[in-house]
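**Student:** There's a structure below that I have some questions on.
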Amino acid sequence: MEAHSQIPRVKLGNDGLEVSRLGFGCVGLTGTYNAPLSDDAAIALVKDVFQRGITFFDTVDSYGAGANETLIGKALKQLPREKVQLATKFGLFKYAPGEMVVEGSPDYVRACCKASLRRLDVDYIDLYYPHRIDTSIPIEDTMGELKKLVEEGKVKYIGLSEASPETIRRAHAVHPITAVQMEWSVWSRDIEEAIIPLCRELGIGVVTYGPLGQGFFAGKAMVESIPANTFLSSHPRFTGENFEKNKVFYDRIQKLAQKYQCTSAQLALAWVLQQGNDVVPIPGTTKVKNLDDNIGSLNVKFTEDDMKEISDAVPVNEVAGSSTHSYILSHSWRFANTPPKN
């Protein structure tokens, strides 16, 4: 099977990783933001994604307690492995506020990698991230083991997720960091002040999750009815009074989308894409229609004045409720630094 769509390709970092301009976040295939798909339906969708030219797939060992990796492994058997860029993350035990247990010890890193390789049924992982930074262990210890996995051919490139500027610098000094993954969307912009400039200084790519505001800007159906029994049903931006207050931002984006002759999803995604060629969003979906809509965002172009108009339509200090990563982690914990290496 070959990828047919002419989706541009870009380089992540300075060490040779090349990926499609858009990636695909796999979390929704096994639930979290929506009802899970059957294996057959999910595998068919992954094949559609690839055929449309998206070759960069992002999963995590904790999605579905490993079920997401297993599913992606099955799908990969029907795709040319050498033409797929596969990213996965490790180290998140519990996905709930105040209940997270993360580990970054060398033995833990190696055990997680071994388990992911088994579930994915592959010989190597293209881009391997710690899902969260273990603030009890020097980042140099975690990176040292990841560097060994690169030397052994089990991992090709190393990434970081939700890391502080100091942690990024210290990690990069041990082994080049190819990408940092963070939330970034028109209503979640707190990485712009320090993280983005640092990544560009060091030559690190940026992979952005939640580029459609966890689906908020994807379409009116989400604004009218949040899927029950999903992560979003308890998300601070999607519940109660906060949700009602935030609907004004969807209305503003919808009006701008009409002005620019695109959908609200395309406008929100194009806004992220035009932050730079070193930025690769990884929106996920369970519907081919939405997939085609996302791909269409690549044809939406804005001037600097347009970008400012869109940003001004959603002042982040007026958004009710915390962003996804702030909801999962306290700000001080999320940007806390690991202890120094003795």
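**Student:** What's the number of the condition Asn299 fails, among (1) surrounded by fewer than 15 Cβ atoms within 10 Å (Cβ to Cβ); (2) over 21 Å from the mean Cα position of the chain (by Cα); (3) farther than 27 Å from Lys47 by Cβ?
**Tutor:** (3)
**Student:** May I ask you to say which residue of Val109, Val102, Val122, Val150 is out of contact with any Cys (no Cβ under 9 Å at 6 or more places or on another chain), among the β-branched types (Val, Ile, Thr) and open to solvent by 30 Å² or more (accessible area, probe 1.4 Å)?
**Tutor:** Val150
**Student:** Which residues, taken from the stretch 167-191, are at pLDDT 95 or above and open to solvent by 10 Å² or more (accessible area, probe 1.4 Å)?
**Tutor:** Answer for the stretch 167-191, where residues must be at pLDDT 95 or above and open to solvent by 10 Å² or more (accessible area, probe 1.4 Å): Arg169, Arg170, His172, Ala173, Val174, His175, Pro176.
**Student:** How many of the residues making up the stretch 241-292 are more than 15 Å from Arg189 (Cβ to Cβ), in contact (Cβ under 8 Å) with a residue 12 or more places away in the chain, part of a helix (DSSP H, G or I) and among the β-branched types (Val, Ile, Thr)?
**Tutor:** Residues flagged as more than 15 Å from Arg189 (Cβ to Cβ), in contact (Cβ under 8 Å) with a residue 12 or more places away in the chain, part of a helix (DSSP H, G or I) and among the β-branched types (Val, Ile, Thr) within the stretch 241-292 amount to 1.
Rundown of residues vs (1) crowded, with 18+ Cβ neighbours inside 10 Å; (2) farther than 18 Å from Asp123 by Cα; (3) touching a residue at least 40 places away in the same chain (Cβ under 8 Å), yes/no style:
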| position | (1), (2), (3) |
| --- | --- |
| Ser38 | no, yes, no |
| Lys47 | no, yes, yes |
| Phe56 | yes, no, yes |
| Asn68 | yes, no, yes |
| Pro80 | no, no, yes |
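**Student:** Related question: Quick one: is Ser161 within 30 Å of Ile310 (Cβ to Cβ), modelled with pLDDT under 95 and of a type in the set (Ser, Thr, Tyr)?
**Tutor:** yes
**Student:** Quick one: which of Ile7, Ile54 is under 18 Å from Asn299 (Cα atoms), at pLDDT 95 or above and part of a loop (DSSP other than H, G, I, E, B)?
**Tutor:** So the residue among Ile7, Ile54 that is under 18 Å from Asn299 (Cα atoms), at pLDDT 95 or above and part of a loop (DSSP other than H, G, I, E, B) is Ile54.
**Student:** Give me the pairs, please: first residue somewhere in the stretch 126-143 and modelled with pLDDT of 90 or more, second residue anywhere and among the polar types (S, T, N, Q) and assigned to a helix (DSSP H, G or I), beta-carbon distance under 7 Å, and either six or more positions apart or on two chains.
**Tutor:** Pro130/Thr142; Ile139/Thr167
**Student:** Please go through the stretch 274-289 and give me each residue that is under 30 Å from Asp39 (Cα atoms) and surrounded by fewer than 19 Cβ atoms within 10 Å (Cβ to Cβ), ordered by number.
**Tutor:** Across the stretch 274-289, the qualifying residues are Thr286, Lys287, Val288, Lys289.
The values are calculated or read from the model by the stated rules, or taken from the named source; none is laboratory data. A quick note: this is a predicted structure, and the numbers were derived from the prediction, not measured. All Cβ positions, even for glycine, are placed from backbone atoms using ideal geometry, and neighbour counts span all protein chains on display. Just the protein is used for accessible areas: all its heavy atoms, side chains included, with ligands, DNA and RNA removed. Shrake-Rupley method; radii C 1.70, N 1.55, O 1.52, S 1.80 Å.
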